[in-house]
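Enquirer: Can you read through this structure? Questions will come right after.
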Amino acid sequence: MSNLQPPPHQHVTVVQQPPTPVFRDIPVNMVCQHCHHQITTAISFETGTLTWIICGVLILFGCWLGCCLIPFYVEGCKDCVHTCPNCHQVVGKFTRI
Ligand SMILES: [Zn+2]
């Protein structure tokens, strides 16, 4: 006579989500939420709100002869977009404001 007892905690399902990484302006190691691969994000910079604010401030201070374009060439003024090198989806974004 067989004794088939189910394990006591069979129907308890623990869904463990990996912690959301903190996106800054450097690549981060994470699990891609699109293709679920362990990746190091590829970063690219795009013009963000702060870029326009710095541009506006420079214009206010009279630096409108080309100087106001400087923030568009300084990566420290831009938002940082993290993409997955495997599936090329955007996985996160670091905005400075
Ligand atoms: Zn991916």
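The values are calculated or read from the model by the stated rules, or taken from the named source; none is laboratory data. This is a predicted model, so every value here is computed, not measured. All Cβ positions, even for glycine, are placed from backbone atoms using ideal geometry, and neighbour counts span all protein chains on display.
Enquirer: Return the residue satisfying two criteria in turn: it lies in the range 14-32 and is farther than 23 Å from ARG96 by Cα and either within 14 Å of the ligand (Cβ to nearest atom) or surrounded by 14 or more Cβ atoms within 10 Å (Cβ to Cβ) (or both), and of such residues it is modelled with the highest pLDDT.
Expert: Within the range 14-32, the subset farther than 23 Å from ARG96 by Cα is 14-18, 31.
Checking which are either within 14 Å of the ligand (Cβ to nearest atom) or surrounded by 14 or more Cβ atoms within 10 Å (Cβ to Cβ) (or both) leaves us with 18, 31.
On the way: PRO18: 60, VAL31: 95.
Checking each candidate, the answer is VAL31.
Enquirer: Which residue pairs have Cβ atoms closer than 6 Å, lie 6 or more positions apart in sequence or on different chains, and pair a first residue in the range 82-97 that is closer than 13 Å to GLN33 by Cα with a second residue that is among the hydroxyl-bearing types (Ser, Thr, Tyr) and assigned to a strand (DSSP E or B)?
Expert: Close Cβ pairs (under 6 Å, with a partner that is among the hydroxyl-bearing types (Ser, Thr, Tyr) and assigned to a strand (DSSP E or B)) amount to VAL90/THR83.
Enquirer: Right, next: Can you tell me which residue within the range 74-97, out of those that are of a type in the set (A, V, I, L, M, F, W, C) and more than 8 Å from the ligand (Cβ to nearest atom), is farthest from the chain's Cα centre (by Cα)?
Expert: Step one: list which residues in the range 74-97 are of a type in the set (A, V, I, L, M, F, W, C), which gives 74, 77, 80-81, 84, 87, 90-91, 94, 97.
With the extra rule that they be more than 8 Å from the ligand (Cβ to nearest atom), the set shrinks to 74, 77, 80-81, 90, 94, 97.
Working: VAL74: 19, CYS77: 16, CYS80: 7, VAL81: 6, VAL90: 7, PHE94: 5, ILE97: 14 Å.
Of everything passing the filter in the range 74-97, VAL74 is farthest from the chain's Cα centre (by Cα).
Enquirer: Have a look at ILE54, ILE70, ILE59, ILE43 and point out the one that is of a type outside the set (Phe, Trp, Tyr) and modelled with pLDDT of 90 or more. Steps first, answer last, please.
Expert: Details: ILE54 fails: modelled with pLDDT of 90 or more; ILE70 fails: modelled with pLDDT of 90 or more; ILE59 fails: modelled with pLDDT of 90 or more.
One residue alone meets the criteria, ILE43.
Enquirer: Which of the residues that make up the range 33-51 are surrounded by fewer than 14 Cβ atoms within 10 Å (Cβ to Cβ) and away from the ligand (no atom under 16 Å from the Cβ)?
Expert: GLU46, THR47, THR49
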